[in-house]
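Trainee: Following this message is one structure expressed as structure tokens.
The values are calculated or read from the model by the stated rules, or taken from the named source; none is laboratory data. Since the model is a prediction, treat every value here as computed from it, not as a measurement. Cβ placement follows ideal geometry from the backbone for every residue including glycine, while neighbour counts extend to all protein chains displayed.
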Amino acid sequence: METAGNAYFNPSFLAQFIHPLLMLGLFAYLIYAAYLGFQVRRTRNAEGEAKKELIQGKYASRHYQSGAIILAVMVTGAFGGIVSTYLGAGEIPAIAHLFVGLGMTALVSISAALVPLMQRGKTWARQIHIALNITLLLLFTWQTFTGLEIVQELLAQDRAN
């Protein structure tokens, strides 16, 4: 079996799939972080024994740590996706996937910037944080479909070559 001419063994071809795989993993992790955030809210609103039991889950610190990881991966992934596109195509196409991805990166940054205000008990900051992250999950769902279309285009181009 000859692999020299096979693009599936070509490192630059394979590198184009790092961004989509990273983003799919991040999407799953975002759902986990949302679950943790929901548990933080349950803990805050609980009373008595239920509150004691929820506190043992350490949801607040786990949610906070998850947020830091999400911020780092989102910014790095957005940058990597743009660089990968440029290296693979020689241009950055002005398509909705790019602009929505950059907007999502801004949403993650704003959401993280609200954390110090939330820690000081600002309810409005918590409400905005939740709204931003729900919006982020909805946009991420849409990005998954447009991203899969882009991956299909890459595979089709490779088959044509």
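Trainee: Look through segment 1-21, keep the residues that are surrounded by 14 or more Cβ atoms within 10 Å (Cβ to Cβ) and touching a Ser or Thr at 6+ places or on another chain (Cβ under 8 Å), and return whichever of them is modelled with the highest pLDDT.
Mentor: HIS19
Trainee: Restricting attention to segment 117-137, does a residue exist that is small (Gly, Ala, Ser) and in contact (Cβ under 8 Å) with a residue 40 or more places away in the chain?
Mentor: Checking segment 117-137: not a single residue is small (Gly, Ala, Ser) and in contact (Cβ under 8 Å) with a residue 40 or more places away in the chain.
Trainee: Another question, then. Out of (1) surrounded by 15 or more Cβ atoms within 10 Å (Cβ to Cβ); (2) within 19 Å of ALA33 (Cα to Cα), the odd one out for LEU138 is which?
Mentor: Of the numbered conditions (1) surrounded by 15 or more Cβ atoms within 10 Å (Cβ to Cβ); (2) within 19 Å of ALA33 (Cα to Cα), the odd one out for LEU138 is (1).
Trainee: Do the conditions hold for ALA72, that is, is it assigned to a helix (DSSP H, G or I), more than 18 Å from TYR29 (Cα to Cα) and among the aliphatic types (A, V, I, L, M)?
Mentor: no
Trainee: May I ask you to list the residues in segment 28-66 that are polar (S, T, N, Q) and either in a loop (DSSP other than H, G, I, E, B) or surrounded by 17 or more Cβ atoms within 10 Å (Cβ to Cβ) (or both)?
Mentor: Taking segment 28-66 and keeping what is polar (S, T, N, Q), we get 39, 43, 45, 56, 61, 65-66.
Matches in segment 28-66: GLN39, THR43, GLN56, SER66.
Trainee: Just checking, which of ALA131, ALA125, ALA106 is under 21 Å from ALA28 (Cα atoms), over 13 Å from the mean Cα position of the chain (by Cα), modelled with pLDDT of 95 or more and part of a helix (DSSP H, G or I)?
Mentor: ALA131
Trainee: Going through segment 67-86 one residue at a time, which ones are closer than 14 Å to LEU136 by Cβ, surrounded by fewer than 19 Cβ atoms within 10 Å (Cβ to Cβ) and without any contact (Cβ under 8 Å) to a residue 40 or more places away in the chain?
Mentor: Going residue by residue through segment 67-86, those that are closer than 14 Å to LEU136 by Cβ are 67, 70-71, 73-75, 77-78.
Of the ones still in play, those that are also surrounded by fewer than 19 Cβ atoms within 10 Å (Cβ to Cβ) are 71, 73, 75.
Passing the criteria: only VAL75.
Trainee: Continuing with this model, one more query. Among the residues of segment 33-52, which ones are modelled with pLDDT under 95, farther than 18 Å from THR123 by Cα and aliphatic (A, V, I, L, M)?
Mentor: The answer is ALA50, and nothing else.
Trainee: In addition: Taking the conditions exactly as written (exposed (fewer than 15 other Cβ atoms within 10 Å of the Cβ) and either aromatic (Phe, Trp, Tyr) or on the phi > 0 side of the Ramachandran plot (or both)), does GLY121 satisfy them or not?
Mentor: It is true that GLY121 is exposed (fewer than 15 other Cβ atoms within 10 Å of the Cβ) and either aromatic (Phe, Trp, Tyr) or on the phi > 0 side of the Ramachandran plot (or both).
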